[in-house]
Every structure is written in C-alpha cells, then in structure tokens.
Amino acid sequence: MAINNMRKKLINELEKKLEKEKKSIEEELQRFAKKDEKLKGDWDTKFPKFNGNSRGHTLEEAADEVEEYITNLPIEHSLETRLKDINSALERIEKGKYGKCEKCGKAIPKERLKVYPEAMFCLKCRR
Ligand SMILES: [Zn+2]
C-alpha cells in the first residue's frame, strides 16, 4: 500500500509536469503554426501569405518567409510528435495505465519517468 501511495504521488507530480509541458509546447507551436481544427492534435506550419499585393513586399522578403517556413517545418513536426506523446501519457494517467511499458507490460522505472514522463516503453523495449 505504501508503495502504491508513493507511485500515486509520483504520477501526480508527473501529471503536473506533463500539463505544464503541454502548455509550453502549444504556446511555442502557436507562434508559427496553426492548430488543425479538423484533425485532433495536428498542427500546420503557417505558410507565408502572398496575397498578390506585391507593394512593400519585396521578393527578398518573400524568400525569407519561405525559408522560415522550411526551417519551421521540422521544428513543428518534432513539437507535434512530443505533444502527441504527452497527450497519450495524460490519457494513460486518466485510464490508470500510466507507467507501464506498452510492449512488455512491465513497470517503467520511476527514474526513467522522472526524466522522460511521456515514456511509453521501458528501456529494453525502446526502439
Ligand atoms: Zn518493455
């Protein structure tokens, strides 16, 4: 029972950590990406708008914007992947399945969860 309580306390702490991380990732994403309302958890990097009005908008500026878009794409992708992992960890907490390896079903060591709370696999099963 004591062990269960300790685990519960840890999960509580990690849940707060995950929620906080989720918020900061969403904030970061919002700076250059738009949430896809149709697809849950999907974000799209904003593509520079060229509205045909070239006044005040030099080709160079346009090229800069495209470059920025290209730079942002992989960042968006990795943030989005993290966000998905965090969301699924939060879901597992809710369902009481958190902290177990998705592959072998063994408990993931709390040391690992502390550094990587969204972990789905134990070190052995990690790809
Ligand atoms: Zn495992």
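For the chain, adding -39500 (n - 2.57) for each run of n ≥ 4 DSSP H residues and dividing by the number of residues yields -20500 deg cm²/dmol at 222 nm. Only protein heavy atoms count here; under a 1.4 Å probe, Ser78 has an accessible surface of about 70 Å².
Over 19 Å between Cα atoms, which of Lys23/Lys49; Lys40/Lys103; Lys8/Lys114; Lys35/Lys84; Lys8/Lys95; Lys17/Lys110 qualify?
Table pairs above 19 Å Cα-Cα are Lys23/Lys49; Lys40/Lys103.
Across the chain, the relative contact order, built from alpha-carbon pairs under 8 Å that are at least six residues apart, equals 24 percent.
For the chain, with all protein chains in place and a probe radius of 1.4 Å, 53% of the accessible heavy-atom surface sits on carbon or sulfur. Here the chain is scanned for chymotrypsin sites (Phe, Trp or Tyr not before Pro) in DSSP loops (not H, G, I, E, B) that have at most 16 other Cβ atoms within 10 Å, and the longest stretch holding none of them is 51-120. To the nearest 10 square angstrom, what accessible area does Lys100 show with a 1.4 Å probe? The value for Lys100 is about 110 Å².
The values are calculated or read from the model by the stated rules, or taken from the named source; none is laboratory data. Note that the structure is predicted; figures quoted are calculated from it, not measured. Virtual Cβ from ideal backbone geometry, glycine too; neighbours counted across all protein chains shown. Surface areas here come from the heavy atoms of the whole protein model, side chains and all, with no ligands, DNA or RNA. Shrake-Rupley method; radii C 1.70, N 1.55, O 1.52, S 1.80 Å.
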